[in-house]
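Remarks on the structure that follows.
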Amino acid sequence: MSDRGAPIYLDYNASAPVRPEVAAVVSAVLECGGNPSSVHQWGRRARQTVEHARAHVAALVGADPASVIFTGGGTEANNMAIFGAPAGRILISAIEHDSVRETASASPVAREIIPVDISGAVNVGALEELLKAQTGPALVAVMLANNETGAIQPFRAVADIARAHGATVHCDAVQAAGKIAVDMVDLGADTLSLSAHKIGGPQGVGALIARPGLDLEPMMHGGRQERGRRSGTENVAGIAGFGEAARLARRGLDDYAGLEVLRDRLESRVTDRAPDARVHGAGGPRLPNTSCLSMPGVASETQVMAFDLEGVMISAGAACSSGKVHASDVLTAMGTPPAEAASAIRVSLGWATTAGDIERFTEVWLALYDRLAAREAAAVGGRHG
Ligand code: PLP
């Protein structure tokens, strides 16, 4: 493989790099101090900072600023939406993030799974059948875009069907926001989750956007901050950084759309040379920055480590728990054969990704493929010829 240059970061869906403008805002706010609940001048300044950020976060998703509840991240926002909704059953798609899946399992009400098709899109007909089968208050939770494949969900259709059956609808928009245009009203969501670190903001801050008038039980009790919906002194610096990241993300939507060209180039370079490579979710609409691809016969973790040695940072499509790698639940739900699911990686591009980065990625991928395919061929007597 050729010379290693500067490290290449292709893991924006895990955490995007903090934007320099955001770091500057966070550091300036940290120096100011003050509690937004205090009535004195420092308190009023901190309150102003929070409200300024709230307006930017609301604007990113076409919401009213009063509907923004700042949280400690996307996971907390999803927990709040699930535990706070008055529901007797929860219907979630088969490809939800753990922060929805595990929370729905932990909730005292019954959890039902809505299947997805081979391109990773939720089966709206199956949702309708599930809703028809039982009456009573239900919560439907479907993400807007999947974190592993980038598959964009037919959310408006989901919301329309859910509404027709009197269900509340939650949208995990953590991966979609800032990468594609998101409008809470057009989507028809009652609640929507966001996370700052996916859009160039700091980690540990996010928001739940709750439709005005929605009955939502708070999870955190105490000082009644956030209009009583989330107690606890606000993370003022983090929130300010989130606001700045949201402002920049809204402005940068066209740049994100442009990443599709680089992503498609990456995929065609790989599949032109390695026809047995698989791109997951390519049959439907996807985020412009995400590619989930399998290198046949090479475990995801092996690829991640090999790329890391070459200075390229990516993620495994497979999750690793208790030291044991298992095939991605998302790919399994899409009906992907186990061997393909266990050899998938996720590559996610962002604003700093260059054509050179994609060149380097494909160079490393193809060299790895040739090396490991050659080894495999030697082992099995020439499968690749
Ligand atoms: N939802 C989705 C789709 C995600 O990808 C993530 C993070 O990976 C989360 C929720 C959780 O967000 P946070 O890391 O802010 O808790």
- Message: Which residue is modelled with the highest pLDDT, if the candidates are limited to the range 260-312 and must be aliphatic (A, V, I, L, M) and assigned to a loop (DSSP other than H, G, I, E, B)?
- Response: LEU287
- The lone condition ARG286 fails out of (1) closer than 21 Å to LEU372 by Cβ; (2) touching a strand residue (DSSP E or B) at 6+ places or on another chain (Cβ under 7 Å) is (1)
- Message: Among the residues in the range 189-198, are any of a type in the set (A, V, I, L, M), away from the ligand (no atom under 12 Å from the Cβ), modelled with pLDDT of 95 or more and crowded, with 19+ Cβ neighbours inside 10 Å?
- Response: yes
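Yes/no per residue for (1) within 16 Å of the ligand (Cβ to nearest atom); (2) not in a strand (DSSP E or B):
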| position | (1), (2) |
| --- | --- |
| GLU112 | no, no |
| ALA126 | no, yes |
| THR135 | no, yes |
| THR149 | yes, yes |
| ALA157 | no, yes |
- Note on the structure: Within the range 154-188, residues aliphatic (A, V, I, L, M), touching an Asp or Glu at 6+ places or on another chain (Cβ under 7 Å) and surrounded by 23 or more Cβ atoms within 10 Å (Cβ to Cβ) come out as VAL169
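Every residue in the range 249-267 that is within 17 Å of HIS52 (Cβ to Cβ) and surrounded by fewer than 19 Cβ atoms within 10 Å (Cβ to Cβ), please.
Passing the criteria: ARG250, ARG251.
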- Task: Residues that are surrounded by fewer than 20 Cβ atoms within 10 Å (Cβ to Cβ) and more than 15 Å from the ligand (Cβ to nearest atom): find the helices (runs of 4 or more DSSP H) completely inside the range 1-103 holding 3 or more of those.
- Result: 20-32, 41-60
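The values are calculated or read from the model by the stated rules, or taken from the named source; none is laboratory data. Note that this is a predicted model, so its numbers are computed, not measured. Cβ atoms come from the backbone with ideal geometry, glycine included; neighbour counts cover every protein chain shown.
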